[in-house]
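Structure first, then comments.
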Amino acid sequence: MTENKKQNQSKGVKRRKFLKYTGAGLGLMLGGIWLARNPLRRAMLEMGETTILPYQGDTNPLLWLEVRPDSSIVLHSSKVEMGQGTFTGLAQLAAEELEIPMERIRVQHATTQSGNIDGMSTGGSMSIAALWTPLRELAATMRVMLMAKAAEKLSLPPDQVTLKNGVFAAGGKSLTFGEVVEGVTDWDIPKAPPLKPRASFRHIGHPIRRVDLREKVTGAPIFGMDATYSDMLYASVLRPTHIDAEITNVDTGEAEQMPGVVQVVREADFVAVVAESQVEADNARLKIKFDHQPNRNWNLEDVLKAVTVGNGKKTVFQKEGKAVEDISGEGEIIEMEFRSPIGAHAQIEPNGAVASYQDGRVEVKISTQVPKITRAEVAKALGIDQKDVNIIPTYLGGGFGRRLHTPHAVEAALLSKAVGRPVKSFFDRIQEFQNDTFRPPSHHIMKAKLSPEGKVLGLEHQFASGDTFFNSALDPGISATVLRADFGSVRGGALIYDALPHRSTYYHVDLPFATSFWRSLGLLANAFAIESFMDELALKTNQNPVSFRLDSISDENPYGVRAKKVIEACAERAGYRDTVLNGRAMGFAACIDGGSPCAQVAEVSIEDDKIKVHKVTAAFDCGIAVNPDLVKAQVEGCICMGISASMFEKMDLKDNKLSPVIYGAYDMALMKDSPKEIDVILLEGVDYPGPVGEPPLGPIGPAIGNAVRRLTGKRLTELPLDLNQKNTADPA
Amino acid sequence: MKINFTINGINKSVEADGDSPLLWVIRDGLDLKGTKFGCGKAACGACTIHVDGKQVRSCSFPVKYAEGKQITTIEGLSGSESDLHPVQQAWMEEVVPQCGYCQPGFMMATAALLAEIPNPTDEDIDNNIINVCRCATYYRMRKAIHRAAELHANAIAQQ
Ligand code: FES
Ligand code: FES
């Protein structure tokens, strides 16, 4: 229905191309800098820390905004909702310029067939930041278009028409949005008018309730896992149980005999059982016999050995100081090592897709962060045109970067074609853990030279890690050559303490299993190493960790200036003290990620030989908070997820088998581990919105570690933080 | 085999292999999608429902044991479309959900907790609410559970 209506509406568009926001694309950008790669490489990597990739998509308002006969507006979002609150933020931006009350706007995912396709992905905490101006301009343009139609219908000049609270009025008469669009098939798309000034915002900056709240509280069937077609079959795909191994000698004989099995399908790249029910499909798939031929034997030790500073491709990406060893003069060199583990996404909705193939066309309902890439993959695999593939994004039961590549859409589509009926194909939980695209493990060496008077003469961060962006679906394929350093893994790795001579070096290591985007990418590990070390330096030089940080950031860099404000605000709000009181200590840490600085204080005690986090205070500057309540929700979520990742989670590897493969065994923070108090204050250092959903993941781990150091005298140097870990540094 | 039970107040009779998990009968057989699959091994709580008022992880509950039982899922937690259950109301007030996928399981677990301990302490919450939320909405959930206890008490007082 909606789809038809939309098509009708767009049919009358005077086909003017409105593509001013359509950037050249990452591939071209990287290709462009290839020629001047050496001088630009560092600039590019540092830029990756702070810039927002621009919106790449269509700017025809009719593709985004649909006026319904009842005067409600449907916003067809090319960005997906995975919990981050994007739908609500986008609705606020659009409602603001459309001059309508929030209740009048609904948001749904744009299908690829609608033509509203995002050129990139939903990720990097960039949706609101990237659409801040484009979407308001789209809505403002739509408003002008509606004004013109209203004027026509009222037979008055447009400048006499007013729009207030969702109603057009002129000459004593009024028209609703529905009345204005009735019968209209032909639209003139004018240039975007000037945007509303900040002072007149009625929705932006207000804690509007999530637009998806009621559906999520009543258990509505909104997720990919809930999607169905009538007459649908269920598939279970055989997936690798071991890394770096080929599956061989597949014997499906017994599986074929299992109850409910409709067909065992062998495609070039996979084998799957298709059955009448999920249980029957899974049970039969478990009866498939197969061997795996490992290319070589892998254990965790091998991976840790590979991921060690000195191994892999080296890139110096911050060079504002010498290597610490080369700093002349007397002094002492302090050196510490840190490690972070392999991390799993563990999003609760497993990956999967529901596909329906018919007569050379296919429709796929799926939780994905990359509808455009998924469409291209499905078209290629089926050998059909992209216009004959419709990707229908659903709400995501968690994204966290796990759905920045969703090739299982291909599996479902091929299976539907093979059996001639719609097919639903999902991972089970074990497959989900065994086939994750993990957060790569990392190794860090932090070094500083101290003068005999205890002044820091230079600071150095060297680290090694695996792919994050490289080899991902978003990688145009040449970035490894152009950049050498993977800017996903490097995220958060640059030192923000630019008042000190500083230098950062990255070693890119190839790993025998898939690693990729995990919420905040390299930040979690890098902030842990850097902020733990800064804390240790403050202790070593008898300085307050807050003032030491403030003194170490210059006033030359605008992000640094904002970071200082955040650091001060956080310390003040928390009543930061560098002493243990009643068995509780405070730990301080800060970071700048994607241009948004965040500082946190964790209040920690040791209970029954375990670390207990009681309270976390956070100060965060993400620029304009389009929805302050949802920004706070993101900060709270990042803190609790960060506690989980930095205190509990780790994957093991034995004889090419990754484990654990189930919740519980993969230890995660639960209700009991989450702080009872989280106090978030928001600062606004710039007059536009910056990234929100990832930066607050940086400081929490080191803040806890820094508190533990004060309680026990022990410096924990490995994630997950564990009081009994062997590799601690015990500085005198 | 044929299994008879009441779900959200409606009598149902289903034909299923008695050993198949109740979860899939609810989701695919009865098309009630609010009860989620997360792990299938009783390890995450996404599939939490009530069987005779007690919380049960339906992914690991063979359907044959549902014979003659009263089952409630998130769709039947509130008596009617318009009135939300106090737990759902509290969830709305505190704006708990992020991705939302785990939330029905948490709300069902909370409703069962409140039926047993109408005014839970933080410790009661820590000990009884042991589902997994990857978006880690625990901070707001705790607030919402306390708020739901209040709403629940008010509702009882009014009756
Ligand atoms: S799906 Fe039942 S506990 Fe996870
Ligand atoms: S709200 Fe996303 S898993 Fe809980």
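No lab work stands behind these numbers, since they all come straight from the coordinates. Nothing here was measured: the structure is a model prediction, and the numbers come from that model. Every residue, glycine among them, receives a Cβ derived from its backbone with ideal geometry; neighbour counts consider all protein chains shown.
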**Q.** residue A:457 long-range amide H proximity, modeled H, under 5 Å
**A.** A:449, A:450, A:451
Q: With a point put 7 Å past each Cα toward its Cβ, work out how far residue A:159 is from residue B:11 in nm, to one decimal.
A: 7.4
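Determine the shielding of peptide A:666-673 by partner chains: average, over its residues, the number of Cβ atoms on other chains within 10 angstrom of each Cβ.
Mean inter-chain Cβ contacts per residue within 10 Å come to 6.
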Q) Which three lengths, in whole Å and largest first, does the range A:473-546 cover when its Cα atoms are put on their principal axes? A) 48, 23, 19
Q | Note, ³J(HN,Hα) from phi for the range A:551-563, Karplus 6.51, -1.76, 1.60, rounded to Hz, x at Gly and Pro | A | 5, 8, 10, 7, 9, 7, 9, x, 5, x, 5, 5, 4
Q: Could you work out how far the C-alpha centroid of the range A:653-732 sits from that of the range A:167-197, in angstrom?
A: 51
Q.
Check which residues have an amide H placed less than 5 Å from residue A:233's amide H, if you skip close sequence neighbours.
A. A:423, A:424
Q: With a 10 Å radius around each residue's Cβ, average the other Cβ atoms per peptide and rank A:553-559, A:403-409, A:375-381, highest first.
A: A:403-409, A:375-381, A:553-559
Q: Apply 1/(1 + (r/R0)^6) to the Cβ-Cβ distance of residue A:325 and residue B:60, taking R0 = 35 Å, and write down the FRET efficiency to the nearest 0.05.
A: 0.05
Q) Can you give the charge dipole size of chain A about its Cα centre, rounded to the nearest 20 debye, using +1 on the beta carbon of Lys and Arg and -1 on the beta carbon of Asp and Glu? A) 1560
Q: Work out the length of the dipole vector of the range B:2-75 about its Cα centre, built from +1 on the beta-carbon of each Lys and Arg and -1 on the beta-carbon of each Asp and Glu, and round it to the nearest 20 debye.
A: 220
Q: Tell me the trypsin sites (Lys or Arg not before Pro) within the range A:657-732 that lie in a loop according to DSSP and have at most 11 other beta-carbon atoms within 10 Å.
A: A:726
Q. Can you tell me the Rg and the Dmax, both Å, for the Cα atoms in chain B?
A. 15.3, 45
Q | Amide H contacts under 5 Å for residue B:12, placed H, 5+ residues apart | A | B:5, B:6, B:7
Q) Using the reciprocal of the averaged 1/r over all distinct C-alpha pairs, how large is the Kirkwood radius of the range B:2-75 in Å? A) 11.8
Q. The range B:21-94: which GluC sites (Glu not before Pro) are DSSP loop and have at most 10 other beta-carbon atoms within 10 angstrom?
A. B:81
Q) Along the charge dipole of the protein assembly as shown, which of A:396, A:283, A:364 sits closest to the positive end, that is, farthest toward it, with unit charges on the beta carbon of Lys, Arg, Asp and Glu (+1, +1, -1, -1)? A) A:364
Q | In the range A:144-212, the chymotrypsin sites (Phe, Trp or Tyr not before Pro) that fall in loop regions by DSSP, at most 16 other Cβ within 10 Å | A | A:201
**Q.** Restraint check, A:216/B:143; A:564/A:714; A:672/B:12; A:289/B:36; A:305/A:650, Cα-Cα greater than 26 Å
**A.** A:564/A:714; A:672/B:12; A:289/B:36
Q: With 10 Å bins from zero, work out the P(r) of the range A:61-217 over every alpha carbon pair and list the percent per bin.
A: 10, 41, 35, 12, 2
(Q) Could you give me D for the range A:260-419, from Stokes-Einstein at 4 °C and 1.567 mPa s, where the hydrodynamic radius is the Kirkwood radius over C-alpha pairs? Units µm² s⁻¹, please. (A) 64
Q. Using the eigenvalues of the Cα gyration tensor, what equivalent ellipsoid semi-axes result for chain A when each is taken as the square root of five times the eigenvalue, whole Å, largest first?
A. 43, 35, 23
Q.
I need the phi-derived Karplus couplings for the range A:340-357: 6.51 cos²θ - 1.76 cosθ + 1.60, θ = phi - 60°, integer Hz, Gly and Pro marked x.
A. 10, x, 6, x, 9, 6, 6, 4, 6, 7, x, 6, x, 7, 10, 10, 10, 9
Q) What are the ³J(HN,Hα) values, in whole Hz, obtained from phi via the Karplus relation 6.51 cos²θ - 1.76 cosθ + 1.60 with θ = phi - 60°, for each residue of the range B:145-159 in sequence order, with x given for Gly and Pro? A) 5, 4, 5, 5, 4, 4, 4, 4, 4, 4, 4, 5, 4, 6, 6
Q | Mean separation of Cα contacts under 8 Å (6+ apart) over length of chain A, as relative contact order % | A | 14
Q | Beta bridges by DSSP in chain A, antiparallel share as percent, to the nearest 5 | A | 70
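Compute the signed sum of charges (Lys and Arg +1, Asp and Glu -1) over the other residues within less than 13 Å, Cβ to Cβ, of residue A:249.
The answer is -2.
Among residues other than residue A:672 whose Cβ falls under 13 Å from its Cβ, what is the net charge (Lys/Arg +1, Asp/Glu -1)?
-4
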